[in-house]
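> Here it is, the structure, as structure tokens.
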Amino acid sequence: MTLSLSVAGRGSGRGRLLRVLDRIAQPAAAGAAFVVIALGVVTWLPALAALAHTLQRWRSDGDNRSFTGVFGAFPRYWRVLWRHSALTAAAVSVLAANSLFLTGRSSPYAFVLLAAQAGLGAALFVHCTAFAAHAGLAPEEPPAEWHRRALALAFASPARGTALLGAAVSAVVLTLPVPLGPLLFGPSVPVLLALHLAAPQPERTT
């Protein structure tokens, strides 16, 4: 009796360990696929939506093909989001150029404008994260609906927007000791949080 309980305990412990490892490996794999696709610069927003779609399948159905799943979902989102992606990439480039220019200035006005650039960048990041989450949850809906729901998710509650931004910062900072950790978990962790906020109780079908 004692032996069977010990074996059962070890089996339960291994099961918990495997679940913990899976919860690390799947976001990392999806993040790696996102990084590869996002190297095309204008491909980053469809890649983020594909990442969200793949992580939602993992959350709801237990689909462990996170790396290949992002590549498989990307063409669908590219067809409908390439214009949006190009515009957001251009906006990020303008914000980065403005920030670089203002960093070299010492006047109080430059500091205020630099803070404004940071605020706009943070708002854009939060919106795109929420947008990707809704694109992943409802791929059949039009982008206008994803935008509408993303605005509600990201900005209707200051706490949610702050949480999404905090998740990105925490993921980057906490994974700095891990090789490529910020690249792997920086995009996937905030998207997972956005998916949780938008669909808190996924029901696994497998």
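> Among Phe125, Phe111, Phe34, whose mean-square fluctuation peaks in a Gaussian network model of the chain (Cα, cutoff 10 Å)?
In this elastic network of the chain, the residue with the biggest mean-square fluctuation among Phe125, Phe111, Phe34 is Phe111.
> Hey, rough spin-label estimate for Ala90 and Ala156, points 7 angstrom out along Cα→Cβ, what's it come to in nanometres?
Taking the simple label geometry, Ala90 and Ala156 are separated by 3.1 nm.
> Let me ask you something else. Keeping every protein chain present and rolling a 1.4 Å probe, give me the accessible area per residue for the stretch 95-206 in Å².
On the way: 6280 Å² over 112 residues.
Here the residues of the stretch 95-206 average 56 Å² of exposed surface.
> Something else about it: Would you give the gap between the C-alpha center of the stretch 157-185 and the C-alpha center of the stretch 16-54, rounded to a whole Å?
14
> Please report the carbon-and-sulfur percent of the accessible area for the chain; probe 1.4 Å, protein heavy atoms only, DNA, RNA and ligands left out. Before the final figure, lay out each step's value.
Details: 8060 of 11410 Å².
In the chain, the share of accessible area belonging to carbon and sulfur is 71 percent.
> Follow-up. What FRET efficiency would be calculated for the residue pair Ala144, Val20, taking the C-beta separation as r and a Förster radius of 45 Å, to the nearest 0.05? Intermediate values should be presented prior to the final figure.
Details: r = 39 Å, r/R0 = 0.87.
Once the sixth-power term is evaluated, E becomes 0.70.
> Okay, moving on. Return the single residue from Arg105, Arg57, Arg76 with maximal mean-square fluctuation; model: Gaussian network over the chain, springs between Cα atoms under 10 Å.
Looking only at Arg105, Arg57, Arg76, the biggest GNM fluctuation is shown by Arg105.
> Work out from phi, with θ = phi - 60° and the Karplus expression 6.51 cos²θ - 1.76 cosθ + 1.60, the ³J(HN,Hα) of each residue of the stretch 144-158, listed in order in whole Hz, and give x for Gly and Pro.
Working through the residues one at a time gives 4, 5, 4, 4, 4, 5, 5, 4, 5, 5, 7, 10, 5, 10, x Hz.
> Sticking with this one: From Cα pairs below 8 angstrom and at least 6 apart in sequence, can you work out the relative contact order of the stretch 78-206, rounded to a whole percent?
In percent, rounded to a whole number, it is 20.
> Pick from Thr88, Thr103, Thr129: which residue has the top mean-square fluctuation in a GNM of the chain where Cα pairs under 10 Å get a spring?
Top of the fluctuation ranking is Thr103.
> Suppose each label sits 7 Å from its Cα in the direction of the beta carbon; what would the Val41-Arg65 distance come out to in nanometres?
3.3
> Right, next: Which whole-number percentage describes the relative contact order of the stretch 54-119, with Cα contacts under 8 Å and a sequence gap of 6 or more? Spell out each step's value before the answer.
Details: 23 pairs, mean separation 12.3, N = 66.
Relative contact order of the stretch 54-119: 19 percent.
> If you plug each phi of the stretch 107-118 into the Karplus form 6.51 cos²θ - 1.76 cosθ + 1.60 with θ = phi - 60°, what whole-Hz ³J(HN,Hα) values come out, in order, with x for Gly and Pro?
7, x, 5, 5, 5, 5, 5, 5, 5, 5, 4, 5
> Using helices alone, I'd like the mean residue ellipticity at 222 nm for the chain: each DSSP H run of four-plus residues gives -39500 (n - 2.57), total over residue count, nearest 500.
On the way: 7 runs with 171 residues, N = 206.
The helix contribution divided over the chain gives -29500 deg cm²/dmol.
The values are calculated or read from the model by the stated rules, or taken from the named source; none is laboratory data. Predicted model only: the values in this text are computed from it and were never measured. Virtual Cβ from ideal backbone geometry, glycine too; neighbours counted across all protein chains shown. For the accessible areas, the whole protein counts, side chains as well, though only heavy atoms, and no ligand, DNA or RNA atoms are used. Shrake-Rupley method; radii C 1.70, N 1.55, O 1.52, S 1.80 Å.
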